[in-house]
């Protein structure tokens, strides 16, 4: 049709663009080479500043050039007056703004801006804050800008209140913003610190309370927020997750609000076996075996402890100390033992342990850095003895959420349940309810918890295994609690769909374990903690390997009927258990192997009662 | 080239510069059709136009004079051959009715800067003042002729600047005179009311003279619409690249009138999160319902069984609380309570899909008013060779007796112009050709107020306020409140548009809502009713506009190659006009792309030997005889300069008649 506008064909356009690009590239490369050669010659002049500017405004992610630029600027600082330097750096800031327009997420640009801001003789922080403001209004999740902003705020001393309002505003415009929520979590404890009393509901450790309490509180509660403010935050975050329950940033913040207490540090259990001449100490958290020694007083033997063999990880709980032969073999004598646990963070306390009253001495010198607990043990005539901290009750597993008042937890549980009624499929809500229920009454809510886990696995099938493991963990915790109440040394958890076994450190004293009819795939290395274990039943699982059954001094009977053991090499570990006499492998693939009987007899000679 | 010397052959002749016609013009020019686009009015955009305050006064005056066409006609009889018959077009625009104007503001005596010597005021200043100072009780209900604004000698031209440089002397002097008029007006008023007590308010009251003086800061839309961020209009503006001719602002707030208060409607996620009026459960219910509406087609089980129900009943069945029902029904879906479920779901979805594209509400508003939009399309048409004539109309169509098709038109200069298609706005069609046609009407009110309906920290906010029927059977009213940063009103004022489908006259329909939402400013001697937080109305205008969108094409007795464009409808969006334009375009140019993006200037080949209208349009030295070919790049840049000039003017405060209105593609017909 006539009258139509004639256009260049796309090939023509392409060709033109290509030429254009080539020309640009040529200019770029030649300036780059010029820059490099100037730097080689050590020239720190204006021209180099010009050249780098030209290159960096095209490509702000050229770290070498930023470095060169800093060299030049540092040099110019030495030869110019303060006013000139001020002007120089102000120009630099304007130039950086141009670079940020090219790439608002350029590492080099933001870093250089931070550097310039600190070099500026008279910094204009208001300008920097407004720049951040503009950047964040374009992309409120630009973490480079967040980082830079934090630096500016720190250097310019913006009041915390103002910063909190800033997060209010950003959250108000879009609450799917981890940076804002996280920033909030760092500001609130500064602005509304929680009082140590209110934040410390847990009992003091029963023993040696005099020295442990002052050391525990300051660290433990530094990140807590006062109750009144917490209630406001609950309201805010509830608004967020009721508005959009699928947004996880709000839920994560909520988890933070509900608290994640650091557990009281303590020695939860010490077990001494005269026969094995060994002391086993379990701690409330893994301790660094290589860094410190376990002191047994009054023997004052710095015995190098070791962790359980398999793990090369330096952190371990419990810790085993093999005593020098004959130390406690004298059955007529009473042996009193004390375990001192020092988490050393300095190297100046070596001499402190020589006195007879170790405990007092240490507390005076480095009260904060040192946590000591003393457990006197009496070993008179018996072959074994133990002492456990009776704190192994409810508190032990409650630490996931640690809101101070259970009334608060109760009302949070109510609002979550309300949300669940509206959104029965919401995984975050389900998970939070489970956690709240556990914090409130793990045994009382066991049935509901299991039901919620079932729903969770259905609605969030991608994380089935995670939920299974979590559920297993909770089931084991519940069983341990029940066991503690009954004060027995038998642990039985059958037919509960366990997918993993954990908290084995809590089972230090257990002699009988029954894990039959679960979904276990292995007996993990942590099984080696079960120093008192005599009988293990794990029938009807899918166990393939037994690496955890290592050096269990008292293990006599192992029943692994209907599992998935197929290789004889997996059974080799059993030879490290000296007392093992009965082994039941019926219903395993390995039972079909030829010569299995004789091979096993050779591999594990102690077994006299082998069922295949 | 003058209007009496147009080319005699076009592919399409388009009469009327409303939105649909302008889009058709742009689309046709874009694909290379020769387009003649004319309008008998002195301004662009017909009933879609925006006026400065003074321009509006002229428009009102025109209405009062009986809507006579100002265009002289020339005899055409000798242009018709045997075997042809003619079809006359209407010369009178009857689309506006029930126009009434009220002025509630008075003159401040100390307004000294207004005192300038000038010509006698043609805009009868006494009338508005009489009203405001006189019988207060009757104000709202006594619309009499003398309250209507001004009569005077500025009638020959509007202050809108459609054809500035090319104006002949008489017209330019008209403009100049008008400027004087404003000054004179102020002076005279201040003389008349020297004793008017200065209001004791902290904020200075704005006088009528002040409004007149700052009249150029106003851009008052005849039809009040917003643009859905994902509506057809916005999509078309983007697709065609026409958007670069205009600037837009986000509507900031969606408000509603509920239980005697104006309150914010939580519609976006951030609104719902931040809302203080909703409980957390309500928040969840609302979000859940809105999320469902967003993809309601995917959950037919949710509403299939309720197809006989109304949307409102459906909302009730969804257990939404009363205030949530109100928000969804009136402010989000914006459907009447009796609307069917699907209609409600569809419009809720439309609203929601537009959310968040440009901001926290679904709507955009063009800076300088809605009247910009048709002009932007005209400009695109001109860039691609369309020829524009204002104050120029078509007297009649020449029909071929045998085929019944329209062969040509005869313009108001008596020139016969042949064309293959003729596009015409409904208002130009004579009663004889639309006998069975039933029109609907839109009730409109335009208010100038002194403060926002819902004051907040941010002064410059554009708000949409939905007012549900005050009583059963009454119309739901839509209120758009514009702040001065939209360049539609002077600083310190708000421009408020009220719109509803007519039941009665505009005043009957909208008066009750106005009196609920606004107060009348206290007049002389009256105490300011303290505590009245409602904005005061300074000036008000009511009128009804014909809504021709409901008319079937088959209701018109017209040849098949005559295409009728309806005027604006009462809805908030402009989808109807765009859809119509696209339909008509596909009939005119079957198989052609509708408004493809304009090419980059650097991709255009200039040295080709293309025909007329091509080369001239794109910056090549224009041969004298091709001067008719409308706007080109050169003109475009000129217009751009003008636009920038006008912006400078906005900030510097230096008023200049020439740059007040921009974005006009040149009207080549007035060039000599």
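All of the numbers you see were taken from the coordinates with simple rules; none came from a lab. Being a predicted model, the structure only gives us computed values, none of them experimental. Every residue, glycine among them, receives a Cβ derived from its backbone with ideal geometry; neighbour counts consider all protein chains shown.
Shielding by partners for peptide A:414-426, expressed as the average number of C-beta atoms from other protein chains within 10 Å of each residue's C-beta, is 2.
Per q in 0.17, 0.22 1/Å, what log10 I(q)/I(0) does a Debye calculation on the alpha-carbon atoms of segment A:1-72 return? Scattering profile of segment A:1-72, log10 relative to I(0): -0.67, -0.91.
In units of the compact-protein estimate 2.2 N^0.38 Å, segment B:335-439 shows a Cα radius of gyration of 1.63. Most tightly packed first, judged by the mean number of other beta-carbon atoms within 10 Å of their residues, the peptides B:553-564, B:493-504, B:319-330 read B:493-504, B:319-330, B:553-564.
Does segment A:487-612 classify as rounded, prolate or oblate by the C-alpha gyration tensor (a ≥ b ≥ c root eigenvalues; a/c under 1.5 gives rounded; else a/b over b/c gives prolate, otherwise oblate)? It is oblate, given that a/c is not under 1.5 and a/b is not larger than b/c.
Here the peptides B:535-541, A:233-239 are ranked by packing, the mean other Cβ count within 10 Å, and the order with the highest first is B:535-541, A:233-239.
Does segment A:22-174 come out rounded, prolate or oblate by the C-alpha gyration tensor, with a ≥ b ≥ c the root eigenvalues, rounded set by a/c under 1.5 and, if not, prolate when a/b is larger than b/c and oblate if not? It comes out oblate by the Cα gyration axes. Taking every residue in A:236-242 and counting other chain Cβ atoms within 10 Å of its Cβ, the average works out to 5. In segment B:294-356, one over the average inverse separation of all distinct C-alpha pairs is 11.6 Å, which is the Kirkwood hydrodynamic radius. Using every pair of separate Cα atoms, the Kirkwood estimate puts the hydrodynamic radius of segment B:380-455 at 16.6 angstrom.
Neighbouring Cβ atoms from other chains, within 10 Å of the Cβ of residues in A:168-176, number 3 on average. Sorting the segments A:68-75, A:133-140 by their mean number of nearby beta carbons within 10 angstrom, highest to lowest, gives A:68-75, A:133-140.
Taken over the alpha carbons of segment B:226-289 as equal point scatterers, the Debye sum produces base-10 log I(q)/I(0) values at 0.13, 0.14, 0.20, 0.28 Å⁻¹ of -0.55, -0.61, -0.86, -1.18. Among B:478, A:21, the ranking by other beta carbons within 10 Å of each residue's beta carbon, starting with the fewest, stands as A:21, B:478. With a ≥ b ≥ c taken as the square roots of the eigenvalues of the C-alpha gyration tensor of segment A:486-527, please select rounded if a/c is under 1.5 and otherwise prolate if a/b is larger than b/c or oblate if it is not? It is oblate, given that a/c is not under 1.5 and a/b is not larger than b/c.
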